[in-house]
Amino acid sequence: MILTVTPDGEGVRLDAYLSEQTHLSRTAVARLCLAGAVFLDGKPAAKNDRLRAGSELRWEEPAAAPATAEAQEIPLDIVYEDSDLLVVNKPVGMVVHPAPGNPDGTLVNALLYHCEGELSGIGGEERPGIVHRIDKDTGGLLVVAKNDSAHRGLTEQMAVHGVRRVYHALARGGFRDTAGTVDAPIGRHPKDRKKMAVILGGSHPAREAVTHYQVLRDYGNITYLELRLETGRTHQIRVHMAYLGHPLLGDTLYGGGNTPFEKEHHALLTGQCLFAKELAFRHPRTGEEMHFEVELPENFQKLLRILDTRG
């Protein structure tokens, strides 16, 4: 596998960049580096090498490893399924893959049971089949690959912005413009490692991040938004809206959760008010255009009804 480092990869660690570009875990990338299977401009690479734009990364794709996560019989809302992939409507509160603190009860545990272990191995044994993730407290649509060919095809579409991902959200405050684009690079917060942040001026490593937004309804001090991701950075929508001064309702990590409305209706705000409502891509085997859209969850709909009534 060969990849040319894009300008937004300048100065980024190799393991972080390759993980995000391929959806291998950073642990898997580190193992490949130790095995001498990753080359940077023709020379064996280390996981902590800093990249330069235009450099060539070459690596040997690992063989599928048996998943170490336990298969668990957990109900799934499957919107579509065939021999290559599934589209799942993930509930709010479900973690996508096992990690410290969440060893089971995850989407991966449920998928291993439903698919009887037949998932793409490209993501590594910690996240088999997972092409892209959404946060624990964000619900909605995501696509899962059943085999490596489908995984590669979907990942390639992600890399060239060929996958349409549309979210709906409630944000604090009123927007001056009814539509706009946030083009601001995102990296790890320099002081709080649990957070991401907009990084300007090259002071810390950051990746290109672009979010398009459109106002659906203006409630004065609260706005109902549709957002489309052009890139897929960690916490991208949450970070970009906070950067604009409009944190998402319920998003205590990035400045939400403290308005009178949020306090009054805290029972309906199980984390940030953000939902992956629409997903579109080309089928990796047939090339057919696939489009999926689901209803907002009931708590989100209740909040909209309250806002509509309030005027």
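Figures for the structure shown
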| read-out | value |
| --- | --- |
| Cubic angstrom per residue, convex hull over Cα atoms of the stretch 107-195 | 160 |
| HIS161 - accessible surface, heavy atoms, 1.4 Å probe, Å² rounded to 10 | 90 |
| Under DSSP loop assignment and at most 11 Cβ neighbours within 10 Å, longest trypsin sites (Lys or Arg not before Pro)-free interval of the chain | 1-175 |
| The stretch 153-311, relative contact order [Cα under 8 Å, separation at least 6], % | 25 |
| Three principal axis lengths of the chain [C-alpha, angstrom, descending] | 61, 47, 39 |
| Of LYS90/LYS191; LYS195/LYS263; LYS90/LYS194; LYS136/LYS195; LYS47/LYS146, those spanning more than 21 Å from alpha-carbon to alpha-carbon | LYS90/LYS191; LYS195/LYS263; LYS90/LYS194; LYS47/LYS146 |
| With all protein chains modelled, accessible area of VAL79 [1.4 Å, Å²] | 60 |
| Backbone N within the stretch 169-207 under 13 Å of label point (7 Å from ARG228 Cα along the Cβ vector) | 179-182 |
| With every protein chain in place, the chain: carbon and sulfur % of accessible area (1.4 Å) | 48 |
| Neighbourhood charge, 11 Å Cβ-Cβ cut-off, centred on ARG282 and excluding it, Lys, Arg +1 and Asp, Glu -1 | -1 |
| Nearest-10 value in Å² for the accessible area of PHE175, using the 1.4 Å probe | 30 |
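The values are calculated or read from the model by the stated rules, or taken from the named source; none is laboratory data. Since the structure is predicted, the reported quantities are computational estimates derived from the model, not experimental observations. All Cβ positions, glycine included, derive from the backbone under ideal geometry; neighbour counts span all protein chains shown. Quick note on the areas: whole protein, heavy atoms, side chains included, nothing else; ligands and nucleic acids left out. Shrake-Rupley method; radii C 1.70, N 1.55, O 1.52, S 1.80 Å.
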